[in-house]
Amino acid sequence: MLAPAPSALRPIEAADVRDLLGIVQASLTTARAPLISAVEGDNSEPDALVADVAHFLTIIHGELPGLMDLVAKEVPAFRLPLQPAIAAFQDDRQWLTSLCLESGPRRDRRGLTEAETVVRGLREAMLTLARSSREGCAVGAVLAFLCDWPGLRSTLNDAGRLAFAARWPARPGAWPADALTECTASADPLYQDRSGARAIAFGAQQFSLFHAQLFEMIAARAKARHLGAR
């Protein structure tokens, strides 16, 4: 079952951008529970689950243009603050590709075409946010990504090392720690305006929803494999 439709979500109200991102971060961490279960040894086929995660993350974030590329193009105030993260993600994009090559043979082919269609739909919705005429929507989405990606790449790496051992491709260097801090500071002036704050919250919430839908689908595929193995 997918996450609630956007119209069913209650708008997030937060005193400032940092409070907003704290709420979004909690939601994003909860969304990746299926991957965390693989790290904790609670999944019967961690290699297939990790293969799914690597494959679908490559579709939604690994193709060009990416979310950060578009926001840097569309929102002038974010061009400079996003550059370290964009540069780091070039290495992560190559890493994702190598993960797909290594884990591909373990990927479950049943229902894969339909699942890929869903993920491409999520990607298009995400890029629509990045191109939104409401500047805050793009800002909120990219802030949510910057909240989520460092922890997500770390969890994926831990799960992959457990599932694939020495065959798991090495993760690139550390993520730039100041990327989120600088982008949050750039968003502060826009968040002072009520309509800007609503747009930022909307963009961040929608990004969180996309990842929730992604991982709910991955969990559903894992459940189907488990039931089919009985």
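Every number here is computed from the coordinates shown, using simple stated rules; none is lab data. Computed from a prediction, not measured in an experiment: that's the story for all the values here. Here the Cβ positions follow ideal geometry from the backbone for every residue, glycine too, while neighbour counts run over all protein chains shown.
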Starting from the 7 Å offset along Cα-to-Cβ, what nm value, one decimal, do you get for the label separation of R167 and Q90? 3.1 nm
A correct Karplus calculation of ³J(HN,Hα) over segment 124-132, with 6.51 cos²θ - 1.76 cosθ + 1.60, θ = phi - 60°, whole Hz and x for Gly and Pro, returns 4, 5, 5, 5, 5, 4, 5, 9, 4
Provide, as a two-decimal number, the C-alpha radius of gyration of segment 99-230 over 2.2 N^0.38 Å, N being how many residues it has. 1.27
Relative contact order of segment 16-228 (C-alpha contacts under 8 Å, at least 6 apart) in percent is 37 percent
Assuming R0 = 30 Å, what is the FRET efficiency of E40 and T128, from their Cβ-Cβ distance, to the nearest 0.05? 0.30
Wrap a convex hull around the Cα atoms of segment 134-211, take a quarter of its surface area, and give that in square nanometres. 5.8 nm²
Computed Rg/Rh of the chain, alpha carbon atoms with Kirkwood Rh: 0.97
Would you calculate, for the chain, the mean residue ellipticity at 222 nm contributed by helices, counting each DSSP H stretch of 4 or more residues as -39,500 (n - 2.57) and dividing by all residues, to the nearest 500? -24500 deg cm²/dmol
Rounded, prolate or oblate: which fits segment 1-115, taking a ≥ b ≥ c as square roots of the Cα gyration tensor eigenvalues, rounded meaning a/c under 1.5, else prolate when a/b beats b/c? oblate
Tell me, what is the FRET efficiency for T30 and L101 to the nearest 0.05, using R0 = 41 angstrom and their Cβ-Cβ distance as r? 0.85
